[in-house]
Amino acid sequence: MHRIAVAIALGVSIVAVASPARAQLVQVQSFGSNPGALDMYEYIPKNLPSGRPLVVVLHGCTQTANDMLGAGWDELADANQFAVVYPQQRSANNPLTCFNWAGEYGDPANMVRGQGENESIVEMVDKEISAHGIDRNHVYVVGFSAGAAFTAVMLATWPDRFAAGAIMSGVPYRCASSVQGAYNCQQMNQHPELELTPQQWGDLVRNADKGYAGPWPRVQIWHGSSDGTVAPQNQTELVKQWTNVFATDQTPDATETIGSVTRAEYHAGSQTVVETFLVSNMSHAVCVGTKDPQYPCGKAGAYFADDGMCSTYRAATFFGLVGGGGGGGGGTDTQPPTVQIVQPSSGGTVSGAVTIVVAAGDDVGVTHVDVAIDGGSIGTSTTAPYQYAWDTAALADGAHTITAIAYDAAGHMTSDDAMVTSSNAGGGGGGGGAHPDGGHGADPGGELPGCGCRSTSSGSSASWLLIGALWMIRSARRGRRRTHRA
């Protein structure tokens, strides 16, 4: 145990390098009983309407919520109108600020529904629902490294609260409950005795919320084939766990190779319930792509590898938050897309040149969105963010109906209407034309800023980036035990 503590301390001295300055998130000071003693940060796009989705983003060890801004979730939130929450670990809970995915010093509270850190994160979700009118049926979670392992915890313990999740370089739920066990799980290639049958892995998830019968959250799993911190065998075990939860097998129903990335789909009926991305020769990192044809993002850095694909965009597509396909859903598409006119607001008054902004998503992909004024088309867009110029002075003052229709690849369509009143008699002009994010990313054809991470060294200490001691060694000195919220 003493040798473990020394290795952890060495890891801190090597990897704790200051990150470059980035935009600041807004901290939410009060969000519930917070038994896990976490901090909460949020990003809410300007004028976000009610009924929009939420993405919870979990950082890795040695990182903070602010580091995860480099993943590009805020830019996608602006373009597609959803909220983002960034839980942040405290060093008092874990010296390397890892989320405690395997418990603390033998205390399994963090892995038990309604206790510890998982309860704190759900309280953050509830805060967003009450404060911003978030659609509770469209909440998603994504994480890297220790955050990925805790993403598996959230999906297992709260399957009724998350529609889908993305696990990037993580491990299966309940793989370990001790420091040594966690290290062994990371090095699954050296510990084949930890490999379980699909039924055994699936039972661990089902027992996390006994009596829950579904629907289960869909799962996307990313891994580098050369990951020396978390062995890629963990992706295989995660597939076994979650395909079993969905009562399907471990044989891919569809595969494709995209550059250095191999993608596979696992179907339950007509739906893709598990999707994997294996990135050839990538080490322990989030996959970014400066030349991704679907959505360029990022630059190479420690824990962020430029391998030609933006995992943030692919995860958002899998969640149904953005259109354009790119490997997000697959299979036979039976679900219609979602669509909402987010600007101008229904019931509002407009004048002059107006920019109409529409949010649309689909489990497979939106092909295009049409917008009409009083039944007359003013344009078609195939790229998110879906924006349309409307000169309100070209029509008579009075009530007008804006109609947006989203189409997916299977030909399904969904429409949304907004009733507005135009008023140009006084000269008007220019009202309502601003992009909803206050000007950032207003060009629908431009590249949105993407991923990046702190510039740090990597070395032998990398094996501790995921477990970070789990704070089990020192948690006793805190003199507290996390309990279920009263």
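Among 307-320, 65-78, 203-216, sorting by the average number of other beta carbon atoms lying within 10 angstrom of each residue, highest first, gives 307-320, 65-78, 203-216. Modelled spin labels at ALA247 and GLU195, positioned 7 Å past Cα toward Cβ, are 2.7 nm from each other. A straight chain from SER33 to ALA396 at 0.36 nm per residue would run longer than the Cα-Cα distance by 125.2 nm. Sorting the segments 100-108, 123-131 by their residues' average number of neighbouring beta-carbon atoms within 10 angstrom, most packed first, yields 100-108, 123-131.
Tally Lys and Arg at +1 and Asp and Glu at -1 over the other residues with C-beta under 12 Å from the C-beta of HIS368: what net charge comes out?
Spelling it out: positives minus negatives among the neighbours equals -3.
Here the Karplus relation 6.51 cos²θ - 1.76 cosθ + 1.60, evaluated at θ = phi - 60°, turns the backbone of the stretch 36-41 into coupling constants of x, 6, 9, 9, 10, 10 Hz, with x for every Gly and Pro. Shown in residue order for the stretch 228-237 are the 3J(HN,Hα) couplings computed by the Karplus curve 6.51 cos²θ - 1.76 cosθ + 1.60 at θ = phi - 60°: x, 8, 10, 4, x, 4, 5, 5, 4, 5 Hz (x for Gly and Pro). Between VAL26 and ASN207, the simple spin-label model (points 7 angstrom out along Cα→Cβ) gives 4.3 nm. Any chance you could check the Cα centroid distance between the stretch 355-374 and the stretch 375-402 for me, in angstrom? One Cα centre to the other: 12 Å. Which residues among the stretch 76-100 fall inside the zone where the amide N is under 12 Å from a point 7 Å beyond the Cα of THR355, along Cα→Cβ? Backbone N within reach: 79.
Subtracting the Cα-Cα distance of HIS412 and SER270 from 0.36 nm times their residue separation leaves 49.6 nm of extension gain.
For the residue pairs LYS127/LYS240; LYS127/LYS210; LYS46/LYS210, the alpha carbons lie more than 32 Å apart in LYS127/LYS240; LYS46/LYS210. Could you pull out every one of the aspartates and glutamates with an alpha carbon less than 17 Å from that of LYS299, ignoring same-chain neighbours closer than 8 positions? Candidates past the 8-residue exclusion: ASP67, ASP74, GLU75, ASP307, GLU447. Ranked by the mean number of other Cβ atoms within 10 Å of their residues, highest first, the peptides 183-189, 230-236 come out as 230-236, 183-189. With a cut-off of 14 Å between beta carbons, the residues surrounding ARG136 carry a summed charge of -2, where Lys and Arg count +1 and Asp and Glu -1.
Ordered by the number of other Cβ atoms lying within 10 Å of each residue's own Cβ, fewest first, TYR303, TYR388 fall into the sequence TYR388, TYR303. A simple count of charges around ASN281, restricted to other residues whose Cβ falls under 13 Å of its Cβ and scoring Lys, Arg +1 and Asp, Glu -1, yields -3.
Take the Cα of SER130, step 7 Å along the line toward its Cβ, and report every residue of the stretch 28-45 whose backbone nitrogen sits under 13 Å from that point. Within reach of a label on SER130, which here means backbone N under 13 Å from a point 7 Å along Cα→Cβ, the stretch 28-45 contributes 29-34.
Computed from the coordinates by the stated procedures, all read-outs in this text should not be read as laboratory data. Just so it is clear, the structure is predicted and the values come from calculations on it, not from any experiment. Note that we place each Cβ from the backbone using ideal geometry, even for glycine, and neighbour counts take in every protein chain shown.
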